[in-house]
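**Q** This is the structure I want to talk about, given as structure tokens.
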Amino acid sequence: MLSPRHNLSDYPGKYRVKDSPVHRLNAGFKLVAALGLTISALITQYIPLIAGLIVLMPVLYFISSLGLRDFWRDSRFFFFQAPLIIFLYLLKYEPAYALTQGLMVACKILLAIVPAMLVQRTTSASDMIQAFRRILPDKAAFILFTSLRFIPLLLRESLDIWHAQLLRGARITPKHLLNPKNWKDFSHCFILPLMVRILAVTREVAISAQIRGVDTYNAHIERMTSPGTPQQETAQKKEIM
Amino acid sequence: MKNDKQHHWWAGFTLQEAIFIGFSASMIVLSRILFRLHLGISGHSMFMTVFFLLLGKGCVPKRWSASVIGIFAGLLGMILGLGKGGPLDLLKLILPGIGIDLMSLVVADVTGSYLLCLIAGLIATISRMPGILVLDLLAGMDTTVAVQHSALQTLGGMLFGSAGALLAYPLIKRLRSFQILDH
């Protein structure tokens, strides 16, 4: 049976468990450094700097104990982008200028994206969570981490429904989905039951969070901090006592 | 989801709605992992993105719900190491959400008919264009070439995005008709 599980094994930017100096760096620092590299690659017009950054990228992958295969997976989009950009330049400019300018722009786009891929390759989800926890509001962080925590459950539910519907003859394998005629099957046999299940899980999680005081605690805080009528304040005081 | 009796927990959403928004974002991320079709056509990921953005918007028809789904999907994508470009990838998910939400300021129910869903899908996909355009212009691309490049990149997305939008409408209609969203 053709399973979508094979897609989970590898994809561009997937975290690799290694012990390298880059892996050990702080996630926040890596994000800021990647952003710095991206910005410098985008704004520079100095060709030696662009060439230096092009050399630096595979070196950083090597220092991070990542193989050439990982570097290829993260940077191969360049070979789709560059011909397209050069072609568009050729429509407007002379071939020599179009080739050099198009190639330089394609390289700059590559250099803008690869640092972020390297951060993703060398930073575990837990380290990334720690970095986000510092910048996100509490409630947004709660929702983000709850969603993250339930991804394995949602994945399991998705695969269970997927396999059950395949056994019933639904045309929802990746091969079938290449034909738009089968998208209706995909929607009604897979997504609809999945959405019903997600809504049920949402309700269960919300109730569970309410029982743990996530909801009531904030309601209590709101009641305590918002100005009310004297009657309401008296009622609140009685309630608290 | 009708939760009028409950108070707003965060950003105008009840706790249940906020959790559902998070799960919708998770589904966008999961679908990006599970349905890598290797078509070699730019923008095919917009199929699932628009599909789940509209489903989320249909289930939580509140202001900025699609944008919040986009933000969470972008952050989850960064945490799980998905997508090409880390922080740049955030824009690719936030902008379509903002597009749908801006449409909802004009039309009350953006998921009310096939036509509205189609328009929402197209707006969502076109909303990505400024993000691609800004990146190209920052990289020093000629303005005409940058507009052509971003238009080409968006064109494939428009095709897949509108297909995802058209597929979302019957599902939302069914969920509403079975009163699944009323609890």
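The values are calculated or read from the model by the stated rules, or taken from the named source; none is laboratory data. None of the values given here were measured: they were computed from a predicted structure. Counting neighbours? That spans all protein chains shown, and the Cβs are built from the backbone with ideal geometry, glycine included.
**Q** Hey, can you tell me all the residues within the range A:188-225 that are at pLDDT 75 or above and among the basic types (Lys, Arg)?
**A** Result: A:Arg197, A:Arg203, A:Arg212.
**Q** Okay, moving on. Those residues that are at pLDDT below 85, surrounded by 14 or more Cβ atoms within 10 Å (Cβ to Cβ) and in a helix (DSSP H, G or I), I need them from the range A:76-103; list them, please.
**A** A:Gln81
**Q** Which residue out of B:Lys92, B:Lys173 is closer than 14 Å to B:Thr49 by Cβ and within 12 Å of another protein chain (Cβ to nearest Cβ)?
**A** That would be B:Lys92, the only listed residue that is closer than 14 Å to B:Thr49 by Cβ and within 12 Å of another protein chain (Cβ to nearest Cβ).
**Q** Would a scan of the range B:151-159 turn up a residue that is farther than 22 Å from B:Ile100 by Cβ and either free of Cβ contacts under 8 Å to residues at least 24 places away in the same chain or touching a Leu at 6+ places or on another chain (Cβ under 8 Å) (or both)?
**A** So far as the range B:151-159 goes, yes, one or more of its residues are farther than 22 Å from B:Ile100 by Cβ and either free of Cβ contacts under 8 Å to residues at least 24 places away in the same chain or touching a Leu at 6+ places or on another chain (Cβ under 8 Å) (or both).
**Q** Could you list, ordered by first residue, the pairs with Cβ atoms under 7 Å in which the first is in the range A:79-102 and on the phi < 0 side of the Ramachandran plot and the second is of a type in the set (Ser, Thr, Tyr) and part of a helix (DSSP H, G or I), at least 6 apart or interchain?
**A** From the range A:79-102, the pairs are A:Lys92/B:Thr144; A:Ala98/A:Tyr89; A:Gln101/A:Tyr89; A:Gly102/A:Tyr89.
**Q** For the range A:61-74, state whether one or more residues are part of a helix (DSSP H, G or I), within 22 Å of the chain's Cα centre (by Cα), closer than 24 Å to B:His149 by Cβ and in contact (Cβ under 8 Å) with a residue 40 or more places away in the chain.
**A** Looking through the range A:61-74, at least one residue is part of a helix (DSSP H, G or I), within 22 Å of the chain's Cα centre (by Cα), closer than 24 Å to B:His149 by Cβ and in contact (Cβ under 8 Å) with a residue 40 or more places away in the chain.
**Q** Out of B:Ala151, B:Ala146, B:Ala168, B:Ala163, which single residue is crowded, with 20+ Cβ neighbours inside 10 Å, within 22 Å of the chain's Cα centre (by Cα) and not hydroxyl-bearing (Ser, Thr, Tyr)?
**A** B:Ala168
**Q** Which of (1) within 23 Å of B:Gln148 (Cα to Cα); (2) surrounded by fewer than 21 Cβ atoms within 10 Å (Cβ to Cβ) is the odd one out, the single condition B:Asp89 does not satisfy?
**A** Tallying (1) within 23 Å of B:Gln148 (Cα to Cα); (2) surrounded by fewer than 21 Cβ atoms within 10 Å (Cβ to Cβ), B:Asp89 fails exactly one: (2).
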